[in-house]
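The block underneath contains the structure these notes are about, expressed in structure tokens.
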Amino acid sequence: MKLGDLMPRDLLKQELFVQDLKSHINDNVEIILKVRSKKLQETKDSKKFLIMTLEDRTGTVRAVDWYNAELNDQRLKEGTVVRVKGRVVFFENRIQINLDNDYGAIKILKDDEYDYTKFVAQSKKDLEVLKKKLFVLLDQVKDQHYKKLLKAFFEDKEFSEKFFRSPAGMRVHHAYIGGLLEHSVTVAEICREISKYYSLDRDLLITGALLHDVGKVEEYKITESGIEVTTEGELKGHIAIGAAMIREMGKKLSIPEHKILELEHIILSHHGELEWGSPVVPKTIEALIVHHVENLDSKIARFIEVIESSETDQGWTEYDKNLGRRIFLRGEVTDE
């Protein structure tokens, strides 16, 4: 018999992730999480309670403090990493942690008391396979100017290491280590397939697809607090940064001006609409395709993320404000 078999279930203290909590309903647990949001509320009989959304790289969970609500509301802020103790329950169709009646139910952790990678998700795809796919795409570019430009970026060790690890977003758009690589390769592979059906500049399309989000290597950084926006990213944004990177490298390599201009246009227009943060709308076939494909890939990735993080496997997910909808999970008997 193992030692673990002798321990009561309410003494479980192994390192857990949010995704593990569904296996611990009615267990008392300790878990390290980050405060995503909090709100102090009050019952009809004036009892204060604190509702928190806590997270790690595998998802979010609601936690409720009925005992030290006002104190913990003052102690905590968004981004605080804590070790919480409480009982896991299933309430209102979701998993919830009810915190213990103990001041120590929430312990604020110092930077050296936790592994920050717990809060930075990584691509579920094999990054080495994605790297190989990227270089296959690069080799398939026949235009020597575009190939020269791509090699200047991706054969540069310092740049490529940043690109391969960079996320593609803060929260909802491939927001994990390797996310930028995964997104860029997927977009480029889909664009390559689309090029079989239309008369267009295939090499420009693939090059633009691989580099459309290149500015994100400077927009985001991964720290102990997770994915953060850099000062340059906050002041400029990845679109402006990326366009400048293309122009600077293009001039350095003596790429013809009209080719630099068309690549810049793909970067500047890939958000598609002015109200979506695009400085200009797509005005070439290649720019139009990159916009729609990259938008499609980001939406599909979000659909998958919401479905995989759902706390039920049938019926509907919770409403997702980024997609502006709930997602049908199938498996539910249709209404009669």
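Assorted remarks:
- When only the Cβ of Lys, Arg, Asp and Glu is charged (+1, +1, -1, -1), the dipole of segment 155-238 relative to its Cα centre reaches about 240 debye.
- Working from label points 7 Å from Cα in the Cα-to-Cβ sense, the Lys77 to His292 distance is 4.6 nm.
- Segment 177-232: chymotrypsin sites (Phe, Trp or Tyr not before Pro) in DSSP coil with no more than 12 other Cβ atoms inside 10 Å: Tyr197, Tyr198
- Three principal axis lengths of segment 117-260 [C-alpha, angstrom, descending]: 44, 30, 26
- Accessible surface of segment 59-98, 1.4 Å probe, proportion on carbon and sulfur as whole %: 42
- Extension gain (nm, one decimal) between Glu318 and Ile25, 0.36 nm per residue minus Cα-Cα: 103.5 nm
- Residue-averaged 222 nm ellipticity for the chain, from DSSP H runs of 4+ at -39500 (n - 2.57), nearest 500: -12000 deg cm²/dmol
- Per-residue SASA remark: Trp276, around 140 Å² accessible (1.4 Å probe; ligands, DNA and RNA not included).
- Under the combined filter of DSSP loop state and at most 16 neighbouring Cβ atoms within 10 Å, segment 189-220 retains these trypsin sites (Lys or Arg not before Pro): Lys196.
- Each peptide in 112-119, 319-326, 292-299 receives the mean, over its residues, of other Cβ atoms within 10 Å, and ordering these scores from highest gives 292-299, 112-119, 319-326.
- With R₀ fixed at 35 Å, the C-beta to C-beta distance from Lys132 to Ile307 puts the FRET efficiency at about 0.80.
- Cross-link partners of Lys283 among lysines, defined as those whose alpha carbon lies under 27 angstrom from its own and excluding same-chain residues fewer than eight positions apart: Lys142, Lys147, Lys148, Lys151, Lys196, Lys216, Lys236, Lys251, Lys252, Lys259, Lys299.
- Relative to the 2.2 N^0.38 Å rule of thumb, segment 147-214 has a C-alpha radius of gyration ratio of 1.17.
- Anisotropy class of segment 72-122 from Cα gyration tensor, a/c 1.5 cut: oblate
- For percent of Cα pairs over 27 Å apart, computed directly from the structure shown, the correct entry in (1) 49; (2) 44; (3) 54 is (3).
- Label-to-label distance, Leu235 versus Asp111, with points set 7 angstrom from Cα along the beta-carbon direction: 2.3 nm.
- For the chain, built as a Gaussian network whose Cα springs stay under 10 Å, the top-fluctuating residue of Gly315, Gly169, Gly226: Gly315
- What the Cα atoms of segment 206-272 give is an Rg and a Dmax of 12.9, 43 Å.
- Förster radius 56 Å - calculated FRET efficiency between Thr43 and Gln144, Cβ distance, rounded to 0.05: 0.20
- Sequence of Phe90, Phe153 when ordered by accessible area, the most exposed leading, probe 1.4 angstrom: Phe90, Phe153
The values are calculated or read from the model by the stated rules, or taken from the named source; none is laboratory data. Since the model is a prediction, treat every value here as computed from it, not as a measurement. Every residue, glycine among them, receives a Cβ derived from its backbone with ideal geometry; neighbour counts consider all protein chains shown. Keep in mind that these areas ignore ligands, DNA and RNA; they rest on the heavy atoms of the full protein, side chains included. Shrake-Rupley method; radii C 1.70, N 1.55, O 1.52, S 1.80 Å.
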